[in-house]
Amino acid sequence: DAKTTQPTSMDCAEGRAANLPCNHSTISGNEYVYWYRQIHSQGPQYIIHGLKNNETNEMASLIITEDRKSSTLILPHATLRDTAVYYCIAAPGGSYIPTFGRGTSLIVHP
Amino acid sequence: DAGVIQSPRHEVTEMGQEVTLRCKPISGHDYLFWYRQTMMRGLELLIYFNNNVPIDDSGMPEDRFSAKMPNASFSTLKIQPSEPRDSAVYFCASSLSFPGEGSHEQYFGPGTRLTVT
């Protein structure tokens with residue numbers, strides 16, 4: 001799996017967009033970018049994934065740069081319940097088991 | 001569906017004792033995963049099953065750890081004998097298809113917090 005680099009922590013005001021960056025400069029052509037999050041005392045939760053194109057679902061949007069060396073997870077209207085550790089993972093899509101790093105601790109404050 | 005169910009939620013035991021953690025995956029899911037999470041090592045994959053068959057156990061730390069899946073709705077992770085360094089949160093997860101093949105979602109249980117004194 002390609003190594004990913006994320007900030008250790010971030011904070012965001014409730015109701016504002018939370019933009020979580022991830023660098024994956026060594027990503028290869030067949031590797032997808034996956035995002036999971038882990039709310040305190042719970043198991044990780046899948047959020048979204050993408051290969052080249054930007055993706056959006058009911059939880060978040062994923063913006064991948066044209067060179068695919070970095071991406072941003074966007075929570076459009078962060079709520080207090082979005083406070084969690086967010087993991088960015090770059091791995092092949094065919095036989096992939098997520099390998100979780102340290103992630104970004106996002107704190108959403110009132 | 002109630003989601004992935006794990007029991008017990010908390011377990012405190014003394015060093016040398018046998019510990020058995022249990023997991024019930026989501027009905028219809030054919031993959032089951034066991035993870036361990038600690039502050040030092042983060043979230044580690046221990047073993048996973050496909051259709052009740054162990055596929056990759058390379059993450060199992062040592063022979064003291066064993067996992068079984070006797071049927072599609074039940075799996076156990078056993079530690080015998082337990083040691084203080086086994087203290088961690090153990091997660092079970094299941095998925096409908098192999099992560100990366102269409103359905104990329106793993107559904108995690110609430111975890112079992114194990115403390116070995």
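Things worth noting here:
- Residue in segment B:58-91 that is nearest to the other protein chains (Cβ to nearest Cβ), counting only those that are of a type in the set (A, V, I, L, M) and assigned to a strand (DSSP E or B): B:V89
- Residue in segment A:57-80 that is without any contact (Cβ under 8 Å) to a residue 40 or more places away in the chain and on the phi > 0 side of the Ramachandran plot present: no
- Number of positions in segment A:57-99 that are closer than 15 Å to A:N30 by Cα, away from chain B (no Cβ under 14 Å) and of a type in the set (V, I, T): 1
- Residue within segment B:12-33 that is within 12 Å of chain A (Cβ to nearest Cβ), of a type in the set (K, R) and under 29 Å from A:I89 (Cβ atoms) present: no
- Residue count for segment A:1-50 under the criterion of being closer than 22 Å to B:P110 by Cβ and either among the polar types (S, T, N, Q) or free of Cβ contacts under 8 Å to residues at least 12 places away in the same chain (or both): the result is 5.
- Matching residues, segment B:1-41, being among the acidic types (D, E) and closer than 21 Å to B:D86 by Cα: B:E11, B:E14, B:E18
- Scanning segment B:29-57 for residues that are in a loop (DSSP other than H, G, I, E, B) and either charged (D, E, K, R) or crowded, with 19+ Cβ neighbours inside 10 Å (or both) yields B:H29, B:D30, B:R41, B:D57.
- When A:G93, A:G103, A:G43 are checked against the criterion of being under 27 Å from B:F91 (Cα atoms) and either at pLDDT 95 or above or surrounded by fewer than 19 Cβ atoms within 10 Å (Cβ to Cβ) (or both), a single residue qualifies: A:G93.
- Against the numbered list (1) over 12 Å from the mean Cα position of the chain (by Cα); (2) of a type in the set (K, R); (3) within 23 Å of B:R41 (Cα to Cα), A:R68 comes up short only at (3).
- Some residue of segment B:110-117 being surrounded by fewer than 20 Cβ atoms within 10 Å (Cβ to Cβ), away from every other protein chain (no Cβ under 14 Å) and in contact with a strand residue (DSSP E or B) (Cβ under 8 Å, 6 or more places away or on another chain): yes
- Residues of segment B:1-54 that turn out to be of a type outside the set (A, V, I, L, M) and farther than 20 Å from B:Q80 by Cβ, as a count: 18
- Complete set of residues in segment B:98-117 that are on the phi < 0 side of the Ramachandran plot and at pLDDT 90 or above: B:F108, B:G109, B:P110, B:T112, B:R113, B:L114, B:T115, B:V116, B:T117
- Among the residues listed as B:R64, B:R36, the single one being closer than 30 Å to A:N57 by Cβ, in contact with a helix residue (DSSP H, G or I) (Cβ under 9 Å, 6 or more places away or on another chain) and modelled with pLDDT of 90 or more: B:R36
- In the condition set (1) under 23 Å from A:I97 (Cα atoms); (2) in contact with a strand residue (DSSP E or B) (Cβ under 7 Å, 6 or more places away or on another chain); (3) away from chain A (no Cβ under 14 Å); (4) free of Cβ contacts under 8 Å to residues at least 60 places away in the same chain, B:N51 is compliant with all but (2).
The values are calculated or read from the model by the stated rules, or taken from the named source; none is laboratory data. This is a predicted model, so every value here is computed, not measured. Cβ atoms come from the backbone with ideal geometry, glycine included; neighbour counts cover every protein chain shown.
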